[in-house]
Amino acid sequence: MEQEVLWKSLMMNGSIVMFWRQSMLEKYVENIKKEGFDVYSFDCDS
């Protein structure tokens, strides 16, 4: 996914729709940070 398209897709579809699969989020998380988004991680296992 191109960088200019990623932010548009995040705004239109939302992160839950795009990244419901952990592997998809991990694939794009660095690009998301480079675009200026804040990325927070939470361990919800406990």
Practice task
Return the total of residues in the range 12-46 being part of a loop (DSSP other than H, G, I, E, B) and of a type in the set (S, T, N, Q).
Solution key: 2
Fill in the blank from the handout: Of (1) within 9 Å of the chain's Cα centre (by Cα); (2) at pLDDT 80 or above, K34 satisfies every one except (1)
Exercise for the section: Output the qualifying pairs, or none if there are none: Cβ atoms under 8 angstrom, residues six or more apart or on different chains, first residue in the range 32-43 and of a type in the set (K, R), second residue not in a loop (DSSP other than H, G, I, E, B). Expected result: K34/Q3
Handout entry: Condition met for F19 (out of contact with any helix residue (DSSP H, G or I) (no Cβ under 6 Å at 6 or more places or on another chain) and of a type in the set (A, V, I, L, M, F, W, C))
Key = no
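The values are calculated or read from the model by the stated rules, or taken from the named source; none is laboratory data. Just so it is clear, the model here is predicted, and its values are computed rather than measured. For neighbour counting, all protein chains shown are included, and Cβ atoms are generated from backbone atoms with ideal geometry for every residue, glycine included.
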